[in-house]
Amino acid sequence: MSKTPVTAQPKGAGQVTEGRNSAVGEQVPTQPKKAAKEVKTATRSSAAKAAKPATAAKPESRLAMVRRARRINRELAEVYPYAHPELDFENPFELLVATVLSAQTTDLRVNQTTPALFAKYPMPEDMAAADPEELEQLIRPTGFFRAKARSLIGLSAALRDNFGGEVPGRLKDLVTLPGVGRKTANVVLGNAFGVAGLTVDTHFGRLVRRWKWTDSEDPEKIEAEIAAIFPKTEWTMLSHRIIFHGRRVCHSRKPACGACPIAHLCPSYGEGETDPEKAKKLLKYEMGGYPGQRLKPPPGYPGAPAPPLGAAE
């Protein structure tokens, strides 16, 4: 791997906290009256201090949050200079189809499925005229193949009939296509047309909540709130970096906190495995020394290509 994850330490690690001795149950030797009075007073003072609730940490201001968020983005850019869309595609139509297929499955499974699909249906006109059962069999490995087949035939027909067989380069047009929502539209716009957009998938939403950039669960609200933090020129690459980090390090159930390169900036540090050696074993794809998700990764990607469908994974 070209990057070695920074070993994170819990906040305050290495500091010694002064403890207070409890007077309960202790045997105090006989002392002069004045000394005994001083001990009693000191004991009451210590007990009062011990009973006093700890002062709550000062809430982070919006300005501080924005600065921290932008620093996270800069540091992720150093960790993942090769971040990219993890779907194999040669043109806007292939990216659109692959993104629709990626719902409820991995990009790896989509990339293993699309070579045969695009060999049989290279253009929207071809896919619009596809036999539904034949199309279903080709995309079966991606799951929910019947619903996805309906979407692919429908969007291909719409491209043929309404857009001259071309994928439109505007959000308002893309979202009129069957099976295409804002997330899919932003993926296509950002990576096939160079139009800035945020891709709010499950990884993106999970990480921005862990980082306290938002507490929303609604994708459109998340998109609006994150868009207000970063300049538009950063939106597409920010999406790639966050999704890369979510797939490789900051997992849903077992985040690798101890191997996270931005642990020092994360308010949720400690939700996952903090032991560095154990955390390293949780890393995925090139970060863990494994193949990536693309059969045809772009130049500069440090990992091995994914295996084709049917090969040992």
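The values are calculated or read from the model by the stated rules, or taken from the named source; none is laboratory data. Because the structure is predicted, anything quoted here is derived from the model rather than measured. A quick note on method: Cβ atoms are made from the backbone with ideal geometry, for glycine too, and the neighbour counts reach across all protein chains shown. Surface areas here come from the heavy atoms of the whole protein model, side chains and all, with no ligands, DNA or RNA. Shrake-Rupley method; radii C 1.70, N 1.55, O 1.52, S 1.80 Å.
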| Any idea which of (1) closer than 29 Å to Glu234 by Cα; (2) crowded, with 21+ Cβ neighbours inside 10 Å; (3) of a type in the set (D, E, K, R) is the one Lys172 doesn't satisfy? | (2)
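Restricting to the stretch 68-108, what's the tally of residues that are over 16 Å from Arg241 (Cβ atoms) and without any contact (Cβ under 8 Å) to a residue 40 or more places away in the chain?
Residues that pass the stated criteria total 4.
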| Identify, please: which residue in the stretch 175-202 is open to solvent by less than 30 Å² (accessible area, probe 1.4 Å) and in a helix (DSSP H, G or I) and is, among those, nearest to Ala103 (Cα to Cα)? | Thr184
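Being part of a helix (DSSP H, G or I), touching a Ser or Thr at 6+ places or on another chain (Cβ under 9 Å) and open to solvent by 70 Å² or more (accessible area, probe 1.4 Å) is true for just one of Arg140, Arg160, Arg146. Which residue is that?
The match here is Arg140.
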| said: Looking at the stretch 211-235, I want the residues that are under 22 Å from Ala263 (Cα atoms) and open to solvent by 60 Å² or more (accessible area, probe 1.4 Å) and have a partner that is assigned to a helix (DSSP H, G or I) and of a type in the set (D, E, K, R) with Cβ atoms under 7 Å, at least 6 apart or on another chain. Which pairs are those? | reply: Asp215/Arg209
| query | Taking only pairs six or more apart or across chains, which ones have beta-carbon atoms under 7 Å, a first residue in the stretch 283-304 that is free of Cβ contacts under 8 Å to residues at least 40 places away in the same chain, and a second residue that is basic (Lys, Arg) and surrounded by 18 or more Cβ atoms within 10 Å (Cβ to Cβ)? | reply | Lys284/Arg247; Lys284/Arg248; Tyr285/Arg247; Tyr285/Arg248
| said: For the condition crowded, with 21+ Cβ neighbours inside 10 Å and either modelled with pLDDT of 95 or more or closer than 20 Å to Ile242 by Cα (or both), what is the one hit in Gly300, Gly292? | reply: Gly292
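Yes/no matrix, rows are residues, columns are (1) under 21 Å from Thr106 (Cβ atoms); (2) touching a residue at least 60 places away in the same chain (Cβ under 8 Å); (3) open to solvent by less than 60 Å² (accessible area, probe 1.4 Å):
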{"position": "Leu152", "(1), (2), (3)": "yes, no, yes"}
{"position": "Pro168", "(1), (2), (3)": "no, no, yes"}
{"position": "Phe204", "(1), (2), (3)": "yes, no, yes"}
{"position": "Ser239", "(1), (2), (3)": "yes, no, yes"}
{"position": "Phe244", "(1), (2), (3)": "yes, yes, yes"}
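So which residues in the stretch 95-131 are part of a helix (DSSP H, G or I), aliphatic (A, V, I, L, M) and open to solvent by 60 Å² or more (accessible area, probe 1.4 Å), if there are any at all?
Listed by number, the list holds a single entry, Ala119.
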